[in-house]
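**Q** Encoded as structure tokens, here's the structure I'll be asking about.
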Amino acid sequence: MPATVRPDPLRVEFVFPDGQRLTCPLDGTEDDALAAELARGLPGLVHPLGQVAAPRTAKRYVRDLRKLVTGLTALGLSGGLGAVTSPMLVRHWLASSPSHVMGSRWLLLSVADATGVIPQPVVHSITGRLVKKVPKSTPIQPYTEGEWQRLLEALRSVVAQAWSAHREARNLAAAGCHPASGGLSRENVAWLLVREGPLSAEEFGMLAGCSPANKWAAVHVRQLKDALYPTSITLAAHRLLFAAYCGIVPDGIADLGLGDVSWAGESTVLLDYVKKRRGKESSTLTDRAVRLLERWLDLTSLLRVKAPDDLREELWLRTRRRRKTSEHPRVFLIDRIEMNSRRQWAQWQLVHLTGVQGDDGNALPIDSRRVRTTYLNQLSRGGWTGATTIDPNHTPAVEGDHYLSALTPAQREAVEQIVEDGQADILRKAEPPTVLTDEETARLVADLPEQARRLGVAAGALAELLGGERDVFTASCKDQLAGLHGPKGKPCPARPWVCLLCPLALFMPRHVPNLLRLRAFFSRQFRLMTTAEFMAVFGPYADRLEREVLPRFPDALLETAAGQVADTDAEIPLRPEESTEPEEDR
């Protein structure tokens, strides 16, 4: 079970998708019996039964439970949830915050589903209109194009400089020896740092036999130590650039270990990570992310040798300075960044180091969440992948609110134009076809001006339509230069079957032979394609032809025209890739 309620003392034990466990005490409330009733709703809220998938969210529901017990008890509730009333809940909610109203509603609904103890009229009021609505959060804005490019350039610069300094320091160490015998030189300083790990100037002086006050030694020890063993700033640059290359959630990247990296060949990596809200997930890294990961593993190879056993399997390691004590005689500690404040400090130091600026000319705040949002925003504008959402963890509504709403004015105008064009196209295709029999054609000729106004064309154009001067293969076209299917002012480039759904097409008896040839073409294509492929490409046109166009003509006309159909591709203007015949028979 994802959550289990235990008595004596009353508590709830959570198990989350990422393997974390949490135990929250529920005793010591104003009414422990009421708390026990409410606790029976907690298991239904936890993933996979509900949406709770992280300790922080679970703790919030436990707080809502305690507050609900306190509030209902103060309002005189006795006898458990079976005695609760709608006015009692409304009074409690009016004195509470919107977030508590929302949390307690979900908790009560879960209790109702699990036990049925809450009266049905009260359940209806719980599911009704909200007493207080939780204000919508502001979507995280992606970086602008200019900010994104400047940020990537700054991160790449830091990564390149760190790698160049690391290689230089390794080469120096290969040519050095112990400074106690070989004297002070950059080569010998690097040699000792490689063998002893990250050292302070004082520690180096003790091992090398030189004065701790030696300024030359202090400067070069610090420089070479930072080159050989990554600092917080170097780690932050690599991790942010890695996020920009792969788009994995920040908490998933932060908790990666070497065991989460699976190599499938020389250049393909499958990365397993844990997204706190959903549990374990995996992603195949892009080529850029793979190269950066290889570079980082090389950069931290010395650090892993010197790291404690419990940290060697961590992916993101760095050195940091600490106060020297009897328990920790070394000044520099090898560990990972745990606290958000330390991560933010490293990112701010990175901003000051690179001088990267936003569009407003001020220092650009670096936020790993905005990095992911920008990655997904860039992906959405790179082309459709066939999925309804870019991130499978999001619903279309969430993705639309967080990514499509965060556009520039020009992009927003383009999106609105696309939506308008799509809606107009749907309306055009929904219009019934214009089909004229011999009798209807005769009436048109008899009353040309009025019928021209009904069809939305000039009288002269209608005469050309009836006379065949505007004929295309499948129909007569009211305006070939309208630009519905191509550039406005140029002849329509649409394929013959597109006319079946075009509002400008006018079908008359003389077009019946070609319409039957088109139906035969559809039949040949149906035999060559799968049903799904045919319906996606030709389905709407074939349906319009069979249901709405051909039934309008007399059976005798259809039988006569059928004798003119040879059922070959030569009867239809087709491109080579549209042919249904073998190449040698064309």
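Values in this text are rule-based calculations from the coordinates and carry no lab data. None of the values given here were measured: they were computed from a predicted structure. Heads up, the Cβs are rebuilt from the backbone with ideal geometry, glycines too, and the neighbour counts pull from every protein chain shown.
**Q** Under the 0.36 nm per residue contour assumption, what length would be gained going from the current alpha-carbon distance of Glu168 and Met102 to full extension?
**A** Difference between extended and current length: 17.9 nm.
**Q** Also, I was wondering about something else. Can you work out ³J(HN,Hα) from phi for every residue in the stretch 510-527, in order, using Karplus 6.51 cos²θ - 1.76 cosθ + 1.60 and θ = phi - 60°, giving whole Hz and x for Gly and Pro?
**A** For the stretch 510-527, the Karplus-derived couplings read 5, 8, 4, x, 5, 5, 5, 5, 5, 5, 5, 4, 4, 5, 5, 5, 4, 6 Hz, x marking Gly and Pro.
**Q** Search the structure for amide H atoms under 5 Å from the amide H of Val52, placed 1.01 Å from N in the peptide plane, and list their residues when 5 or more places away or on another chain.
**A** For Val52, whose amide H was placed from the backbone, the distant partners under 5 Å are Val46, His47.
**Q** Search the structure for amide H atoms under 5 Å from the amide H of Val269, placed 1.01 Å from N in the peptide plane, and list their residues when 5 or more places away or on another chain.
**A** Residues meeting the amide H criterion: Ala264, Leu285.
**Q** Ok, one more. Taking the Kirkwood radius as the inverse of the mean 1/r across Cα pairs, report the Rg/Rh of the stretch 497-572.
**A** A ratio of 0.96.
**Q** Still on this structure, I have one more. Provide the per-residue ³J(HN,Hα) series for the stretch 482-490, in order, calculated from phi with Karplus coefficients 6.51, -1.76, 1.60 and θ = phi - 60°, each as a whole number of Hz, with x at glycine and proline positions.
**A** 5, x, 5, 10, x, x, 5, x, 10
**Q** For Arg6, enumerate residues with amide H under 5 Å from its amide H, sequence gap 5+ or separate chain, H modeled in the peptide plane.
**A** HN-HN under 5 Å from Arg6: Arg11, Val12, Glu13.
**Q** Quick check: pseudo-label points 7 Å beyond the Cα along Cα→Cβ at Leu427 and Lys488, how many nm apart are they?
**A** Placing both labels 7 Å along Cα→Cβ, they lie 1.6 nm apart.
**Q** Determine the alpha carbon to alpha carbon distance for each of Lys67/Lys136; Lys280/Lys306; Lys67/Lys280 and list only those over 28 Å.
**A** Lys280/Lys306; Lys67/Lys280
**Q** Give me a comma-separated list of calculated 3J(HN,Hα) values for the stretch 261-272, in order, Karplus coefficients 6.51, -1.76, 1.60 applied at θ = phi - 60°, integers in Hz, x for any Gly or Pro.
**A** Ordered by residue, 3J(HN,Hα) equals 9, 10, 8, 10, x, 7, 10, 10, 10, 9, 10, 9 Hz.
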